[in-house]
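Written out below as structure tokens is the structure these notes cover.
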Ligand SMILES: [Zn+2]
Ligand SMILES: [Zn+2]
């Protein structure tokens, strides 16, 4: 299977991606995408995190650059202008206002507070994971998000797919099924490589035990490159690797652009 649209693309503003904005667009055109969604990590007003996301002061420049490129390449590719955003209850008013300035949001839940006191990519506790699940559930109910990005993000840090991880898979799949919001199979996780989780060599994501549970629910699945370099958009081979990893599971895929 191929997918010629992608809603998960970053820019150098987030502090851990590289390349000029225009290089991302040119790479996507070269790779044959018909739609490219730009979704850099959103800022929080007055709370800088230079290695994790753009500053509030960079937001307007990001939007201006994306609008310019959307227009410039409109005859070659359909560019959507978005952001990757957590759903943090204490910041919800700012988030609602920010949502109105872009075409779409993807829900990437990296932390429960804008200051990122606990990043879920570390070995976080069951109590932390409870925040992860319940904040995402509220986010999906908010109607602000196009899809749920890397739903098993926490597997980067978890030593094993424990009981709370099982619960996360069930609750997030049930919520995505109920709301009709697609779940992302994140292709960047494959580039991290496999490691021993105590039950075999697995990727952090797509993490097969997680998707075995998701496959029991009527959830729509979509691939997301989560590109942090322009070249990463060329990696259609990652879909083959994901397919191999998830072989035999009854997953339903989004076949057309979402909007
Ligand atoms: Zn990132
Ligand atoms: Zn991302």
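The values are calculated or read from the model by the stated rules, or taken from the named source; none is laboratory data. Keep in mind it's a predicted model, so treat the numbers as computed, not measured. Cβ sites come from the backbone with ideal geometry, for glycine too, and all protein chains shown count toward neighbours.
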Next item on the list: Output the qualifying pairs, or none if there are none: Cβ atoms under 7 angstrom, residues six or more apart or on different chains, first residue in the range 38-56 and within 19 Å of residue 22 (Cα to Cα), second residue more than 13 Å from ligand 1 (Cβ to nearest atom) and assigned to a strand (DSSP E or B).
Entry: 38/79; 38/81; 38/82; 39/82
Notebook entry, point to check: Any idea which residue in the range 156-187 is nearest to residue 110 (Cα to Cα), counting only those that are within 16 Å of ligand 1 (Cβ to nearest atom) and outside any loop (DSSP other than H, G, I, E, B)?
Noted result: 156
Checklist line | In the range 126-149, residue nearest to ligand 1 (Cβ to nearest atom) [restricted to those that are in a loop (DSSP other than H, G, I, E, B) and out of contact with any helix residue (DSSP H, G or I) (no Cβ under 7 Å at 6 or more places or on another chain)] | finding: 149
Notebook entry, point to check: Which residues, counting only those in the range 111-121, are within 16 Å of ligand 2 (Cβ to nearest atom) and buried (at least 21 other Cβ atoms within 10 Å of the Cβ)?
Noted result: 111, 120
Next item on the list: Within the range 230-240, track down each residue that is over 18 Å from the mean Cα position of the chain (by Cα) and within 14 Å of residue 185 (Cβ to Cβ).
Entry: 240
Notebook entry, point to check: How many residues are assigned to a helix (DSSP H, G or I) and either closer than 26 Å to residue 115 by Cα or within 15 Å of ligand 1 (Cβ to nearest atom) (or both) when one looks only at the range 4-44?
Noted result: 4
Next item on the list: Working only within the range 188-207, note down all residues that are more than 14 Å from ligand 1 (Cβ to nearest atom) and in contact with a strand residue (DSSP E or B) (Cβ under 6 Å, 6 or more places away or on another chain).
Entry: 194, 206
Next item on the list: Tally the residues that are surrounded by fewer than 22 Cβ atoms within 10 Å (Cβ to Cβ) and away from ligand 1 (no atom under 16 Å from the Cβ), restricting the search to the range 223-234.
Entry: 1
Note to self: Being at pLDDT below 95, closer than 24 Å to residue 128 by Cα, surrounded by fewer than 24 Cβ atoms within 10 Å (Cβ to Cβ) and more than 16 Å from ligand 2 (Cβ to nearest atom): is that true of residue 199 here?
What the structure shows: yes
Note to self: If I ask for residues that are under 18 Å from residue 54 (Cα atoms), part of a loop (DSSP other than H, G, I, E, B) and within 16 Å of ligand 1 (Cβ to nearest atom), which ones from the range 89-125 would you list?
What the structure shows: 108, 109, 110, 114, 116
Notebook entry, point to check: Hey, any hits in the range 202-216 for a residue that's over 18 Å from the mean Cα position of the chain (by Cα), in a loop (DSSP other than H, G, I, E, B) and surrounded by fewer than 20 Cβ atoms within 10 Å (Cβ to Cβ)?
Noted result: yes
